[in-house]
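Each remark here refers to the structure printed beneath this line.
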Amino acid sequence: MDWLRVILFGLLIWFHFVVFYPYQPEGLLALPYYFIVSVMHQWRLAALFVISGMGTAFALRRRTWKQYVRERGSRLGLPLLFTVYILFFGIFEFTEKTTLLFTVFPGSEEMPYGHLWFVYNLLIYSIILTPFFFHVKANPEGLMMRMTRSAMNIRGGLGILIIPPIFLSINGILFKPWEFGEVGMWWEFPRYMIYFLFGFLMISVRNEYFEALDKIRISSSILTPILAVSWFIVSNTSGIPDVMEGGWVDEGYPPFSFNATMASIIQSFHAWFWCLLIFTWSSKILNHPNKYLAYLNESVYPTYIVHMHVTIPMIAILAILGVGFFPAMIIATPMLIVGVLSCFEIVRRATLFRPFFGIKGGQEKVMQLFPFNSTQEKPLTVLFALFSHSLTLGMVIVLMLLLGILGG
């Protein structure tokens with residue numbers, strides 16, 4: 001799970017650069033590029049919500065419901081508020097941004113939290129599903145767990161292959177016609193909550209879940225590419241505008257039709273099979289310790305928070321210089337990695353800033369890092385702390401200026 005979090009968030013940073021870069025591929029490379037990017041967009045966030053649901057199941061083993069809600073509020077809420085009011089300048093439009101923060105589905109152009117909509121949705125899912133989570137925790141042999149185990153034990157892994165995408169298909173068929181789904185809003189809101197919920201349930205029956213993954217490794221490897229091609233063809237030939245994004249009723253098309261229904265079914269099975277494909281192979285290949293994993297896993301949240309402040313100025317600079325798509329991607333990819341990890345290295349040493357960037361632990365964790373771990377002298381420790389906090393404050397100001405000047 002930790003490896004997948006690192007890999008998927010890394011893909012997310014890369015994805016945001018390539019899709020927002022103004023000079024897109026043309027000619028022979030255009031079709032494979034758009035195929036890869038559009039297919040990836042269907043499953044990468046879905047997989048992250050599944051992983052978040054799994055992480056929730058592990059977290060609940062050591063927490064009461066009050067501890068869980070409190071931890072979700074601080075771990076997700078503090079970085080969210082910091083991003084809205086500081087990194088995105090919301091403090092200068094406090095009333096407007098606060099109103100939008102509590103507006104149901106404000107739209108991609110108006111949402112004050114930007115790319116942190118993932119965190120925003122995850123916070124809401126965590127809170128509203130808390131009673132259900134703790135009911136399941138308190139009843140390990142209850143109806144829900146028995147049903148989940150039964151689904152995992154269906155012959156050939158058919159339960160894990162078919163049951164979740166049926167629920168996802170029903171959601172798409174019923175809710176997708178009415179509004180364009182974007183960044184977790186409208187029909188996508190229940191869609192990602194279903195992924196989150198199934199992640200929680202599957203890992204809660206751990207043995208049966210991993211046994212089911214072993215059963216479907218070959219079948220998912222065969223069917224997923226077929227579904228990817230089918231999804232790509234249907235999304236471009238259905239005759240219904242935005243058939244995969246939703247909202248075609250506003251274009252004058254009927255809400256329910258054979259083409260729309262088939263598109264929702266293919267979309268749901270396609271995204272779910274991608275999730276299963278990466279889970280089944282990662283459980284076989286990535287299920288081992290690594291000395292770099294703890295560091296990379298800790299860096300995921302803070303680098304996700306700042307990555308748009310690094311990505312957008314880089315896009316602006318390369319575009320102004322007229323750099324083509326592929327040279328820009330080759331240049332930007334390592335620079336983005338260095339940029340976001342540099343921000344992480346700076347902020348992880350500033351005790352007061354760590355919670356606002358989603359980094360666990362306080363002073364005791366900072367004291368284990370260089371240069372704090374190189375001395376026992378109190379004056380030097382204080383000096384290092386002052387320097388670290390000043391450097392972090394300067395970093396925040398620079399990121400805001402870069403976004404304000406080049407992002408505009």
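For the stretch 10-125, rounded, prolate or oblate, judged on the Cα gyration tensor with a ≥ b ≥ c (square roots of eigenvalues), a/c < 1.5 rounded, else prolate if a/b > b/c? It is oblate, given that a/c is not under 1.5 and a/b is not larger than b/c. Given the -39500 (n - 2.57) contribution per DSSP H run of 4+ residues, what per-residue ellipticity at 222 nm results for the chain, rounded to the nearest 500 deg cm²/dmol? Computed mean residue ellipticity for the chain: -23000 deg cm²/dmol. Under the criterion of Cα pairs below 8 Å and six or more residues apart, the relative contact order for the chain equals 23 percent. The fewest-to-most ranking of TRP281, TRP274, TRP14 by surrounding Cβ atoms within 10 Å reads TRP281, TRP14, TRP274. Modelled label positions at MET144 and LEU286, each set 7 Å beyond Cα in the direction of Cβ, lie 2.6 nm from each other. If the Kirkwood radius is taken over C-alpha pairs of the stretch 187-339, then at 4 °C and 1.567 mPa s the Stokes-Einstein diffusion coefficient equals 67 µm²/s. Spatial offset of the stretch 94-155 relative to the stretch 75-89 amounts to 19 Å, using the alpha carbon center of each.
How fast does the stretch 170-210 diffuse by Stokes-Einstein, in µm²/s, taking the Kirkwood radius from C-alpha pairs at 25 °C and 0.890 mPa s? It diffuses with D of about 216 µm²/s by this estimate.
Model label sites at VAL37 and THR103, defined 7 Å from Cα along the beta-carbon direction, differ in position by 2.8 nm.
On a 0 to 90 degree scale, rounded to 10, what angle separates helix 378-406 from the longest Cα axis of the chain? In the chain, helix 378-406 runs at an angle near 50 degrees to the longest axis. Relative to the longest principal axis of the Cα atoms of the chain, the long axis of helix 325-347 makes an angle of roughly 50 degrees. For the peptides 30-42, 284-296, 194-206, residues were scored by their other Cβ atoms within 10 Å and the scores averaged per peptide; the highest-first order is 194-206, 30-42, 284-296. Charged neighbours of SER268, selected by a Cβ distance under 15 Å, balance to 0 (K, R count +1; D, E count -1). What is the angle, in °, between the Cα long axis of helix 30-60 and the longest principal axis of the Cα atoms in the chain? Nearest 10 is fine, range 0 to 90. Once rounded, one gets 80 degrees. Annotation for the stretch 349-400: trypsin sites (Lys or Arg not before Pro) lying in DSSP loop with at most 12 further Cβ atoms inside 10 Å of their Cβ are LYS360. A Förster distance of 51 Å, applied to the separation of the beta-carbon atoms of ASP242 and ARG62, puts the FRET efficiency at 0.70. A simple packing score, the average count of other Cβ atoms within 10 Å per residue, orders the peptides 226-233, 104-111 as 226-233, 104-111, with the highest score first. Within the stretch 93-170, all pairs of alpha-carbon atoms sorted by distance into 10 Å bins from zero give the percentages 15, 27, 28, 20, 9, 1.
How would the stretch 57-109 be classified by its alpha-carbon gyration tensor: rounded, prolate or oblate, with rounded meaning a/c under 1.5 and the a/b versus b/c comparison settling the rest? Verdict is prolate for the stretch 57-109.
With the convex hull drawn over the C-alpha atoms of the stretch 31-285, the volume per residue is 147 Å³.
Between the stretch 1-37 and the stretch 330-361, the C-alpha centres lie 21 angstrom from each other. Modelled label positions at GLU71 and SER230, each set 7 Å beyond Cα in the direction of Cβ, lie 4.0 nm from each other.
Under 1.5 on a/c is rounded, so check that first for the stretch 272-398, then, if it is not, pick prolate when a/b is larger than b/c and oblate when it is not; a ≥ b ≥ c are the square roots of the alpha carbon gyration tensor eigenvalues. Oblate, since a/c reaches 1.5 and b/c is not below a/b.
Each reported figure results from applying straightforward, stated rules to the coordinates on display, with no laboratory input. On a predicted model such as this, the values are computed, not experimentally measured, just so you know. Please note: Cβ atoms are built from the backbone with ideal geometry, for glycine as well, and neighbour counts cover all protein chains shown.
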